[in-house]
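Before any comments, here is the structure.
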Amino acid sequence: QKYGYFHCKDCKTRWESAYVWCISGSNKVYFKQFCRKCQKGFNPYRVEAIQCQICSKTRCSCPQKKRHIDLKRPHRQELCGRCRGKRLSCDSTYSFKYIV
């Protein structure tokens, strides 16, 4: 599991996700995520380790954050290539919801 940055080239929407699934030991992405406006699938343009880039911890309380996830919003299953058509969502399978 990695952290990814996405950009829809058609409608210019940008988003970030802590639910990017890669082949172990690489940044090769398994599942696309879908733009909420266009419904087109995209791979992230940048992938990072799931740990905080400032303190290198999985769960951090750094006052300054480079990432922009709203922890109060649920994982959007209908926009996730891994969750689509499955009964279990990424955030119920792995609880990385509270990371950075």
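A short reminder: the numbers here are calculations on the coordinates, not readings from a lab. Note that the coordinates shown come from a computational prediction; the quantities given were computed from them, not determined experimentally. Note: ideal-geometry Cβ built from the backbone for every residue, glycine included; neighbour counts use all protein chains shown.
Multiply the residue gap between residue 67 and residue 38 by 0.36 nm, knock off their C-alpha separation, and tell me the result in nm, one decimal place.
Additional length available on full extension: 8.1 nm.
By how many nm would the segment from residue 53 to residue 89 lengthen if fully extended, with 0.36 nm per residue of separation less the alpha-carbon distance? Intermediate values should be presented prior to the final figure.
Values: separation 36, 0.36 × 36 = 12.96 nm, distance 2.57 nm.
Between residue 53 and residue 89, full extension yields 10.4 nm more.
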Inter-label distance for residue 5 and residue 26, nm, one decimal - labels placed 7 Å from Cα along Cα-to-Cβ = 2.3 nm
Region 18-24 - phi-based ³J(HN,Hα) in whole Hz, Karplus 6.51/-1.76/1.60, Gly and Pro as x | 8, 10, 9, 9, 10, 4, 3
